[in-house]
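Everything on this sheet refers to the single structure shown next.
The values are calculated or read from the model by the stated rules, or taken from the named source; none is laboratory data. It should be emphasised that the depicted structure is a prediction, and the values quoted were computed from it without experimental measurement. All Cβ positions, glycine included, derive from the backbone under ideal geometry; neighbour counts span all protein chains shown.
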Amino acid sequence: MMDASRQGSAVGFEGIHKAFGDKSVLEGIDLEVAPGETMVILGSSGCGKSVLVGMLVGLLRPDRGVVRVEGQDVTGFLHDEDWHPIWLRTGFLFQGAALFDSMSVRENVAFPLRQHTRLGEAEIGARVEEILSWIELGGAADKMPSELSGGMQKRVGLARTIALEPSLVIYDEPTTGLDPLTSDTISDLIRRLQKERAVTSVVVTHDVRCAFLVADRLAMIDAGRILVSGPCEEIRNTQVPKLRAFLYG
Ligand SMILES: Nc1ncnc2c1ncn2[C@@H]1O[C@H](COP(=O)(O)OP(=O)(O)O)[C@@H](O)[C@H]1O
Ligand SMILES: [Mg+2]
């Protein structure tokens, strides 16, 4: 089943419409993300980026259109049981993803493993150590979240997000609120995760620097639709005025 689905797109949006009351947000989004690819979704604040990616994990449903995750049509999924297999394979790093304040870094990262696997304590411990060292947080394992900088907290959030070894990771504004240097280390981790662990990534951001550091392709949402999409170089050299204005101010 996985083999067949992996030949197609990892994520697909087809004709997605979404309104809240009489306020129309998305008006026909079409976008495909290939397996192993990093797709960056750009757009000004409030254009519907979070709404769109929320549909990949069932936070919201489209009014019209089809959402596919790893080849599977998830549009009609209503119940947690429907979503469960998708949740197990999908990591979602929310904007401002909160860590559990009362748990150490190690316990935060172990949490999804305890929750969703039957791994024994020794295996969980080994997995957590491996992830923390991969993400260069080994020395912080026993610290509490309140003892960490914003950038370190973000890395712990990322470690927790990838604990279940997802094949798809969705990042919502991963660098917001971080200084430029720290932002670059997060962008670097997103890239490494894709390269070394072959994950498909969807990155929502309005941070142009992060976007170009991580992207294979980029797409810009404007007025409820994909205004432009394409590979990095094409987007860098775009002649579309709205996209140029977004990228270069
Ligand atoms: N649950 C909701 N109820 C009503 N309006 C919402 C809801 N979620 C998002 N919106 C509205 O949809 C628009 C797009 O939101 P969002 O996707 O969060 O934008 P962004 O591109 O900044 O992530 C915003 O105007 C927001 O207020
Ligand atoms: Mg958002």
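Tabulated data for the structure shown
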{"read-out": "Restricting the range 172-214 to residues that are of a type in the set (Gly, Ala, Ser) and in contact with a helix residue (DSSP H, G or I) (Cβ under 9 Å, 6 or more places away or on another chain), the residue that is surrounded by the most Cβ atoms within 10 Å (Cβ to Cβ)", "value": "SER201"}
{"read-out": "Pairs where the first residue, in the range 44-57, is within 20 Å of LEU168 (Cα to Cα) and the second is near ligand 2 (Cβ under 9 Å from one of its atoms) and not in a loop (DSSP other than H, G, I, E, B), C-beta under 8 Å, 6+ apart", "value": "LYS49/ASP172; LYS49/VAL204; SER50/ASP172; SER50/VAL204; LEU52/VAL204; VAL53/ASP172; VAL53/VAL204"}
{"read-out": "Residue list for the range 56-71, filter: surrounded by 14 or more Cβ atoms within 10 Å (Cβ to Cβ) and not basic (Lys, Arg)", "value": "LEU56, VAL57, GLY58, LEU60, PRO62, GLY65, VAL66, VAL67, VAL69, GLU70, GLY71"}
{"read-out": "One residue from LEU26, LEU60, LEU52 being near ligand 1 (Cβ under 9 Å from one of its atoms) and in a helix (DSSP H, G or I)", "value": "LEU52"}
{"read-out": "Pick from the range 72-100, criterion surrounded by 17 or more Cβ atoms within 10 Å (Cβ to Cβ) and among the aliphatic types (A, V, I, L, M), ranking: modelled with the lowest pLDDT", "value": "ALA97"}
{"read-out": "Qualifying position, being within 16 Å of ligand 1 (Cβ to nearest atom) and in contact with an Asp or Glu (Cβ under 8 Å, 6 or more places away or on another chain), among ARG225, ARG197, ARG217", "value": "ARG225"}
{"read-out": "Residues within the range 215-249 that are surrounded by fewer than 18 Cβ atoms within 10 Å (Cβ to Cβ) and within 24 Å of LYS195 (Cβ to Cβ), tallied", "value": "7"}
{"read-out": "Any pair with Cβ under 6 angstrom, 6 or more apart, that starts in the range 184-211 at a residue that is basic (Lys, Arg) and ends at one that is part of a helix (DSSP H, G or I)", "value": "ARG191/VAL214"}
{"read-out": "Cβ pairs under 9 Å, 6+ apart, first in the range 93-120 and under 23 Å from LEU189 (Cα atoms) and among the aromatic types (Phe, Trp, Tyr), second more than 16 Å from ligand 2 (Cβ to nearest atom) and part of a loop (DSSP other than H, G, I, E, B)", "value": "PHE111/PHE100; PHE111/MET103; PHE111/ALA163"}
{"read-out": "Subset of the range 54-93 [closer than 22 Å to ARG127 by Cβ and hydrophobic (A, V, I, L, M, F, W, C)]", "value": "ILE86, TRP87, LEU88, PHE92, LEU93"}
{"read-out": "Lone qualifier among GLY157, GLY138 - being under 13 Å from the mean Cα position of the chain (by Cα) and within 19 Å of SER104 (Cβ to Cβ)", "value": "GLY157"}
{"read-out": "SER167 being farther than 21 Å from ILE29 by Cα, in contact (Cβ under 8 Å) with a residue 60 or more places away in the chain and either among the small types (Gly, Ala, Ser) or surrounded by fewer than 22 Cβ atoms within 10 Å (Cβ to Cβ) (or both)", "value": "yes"}
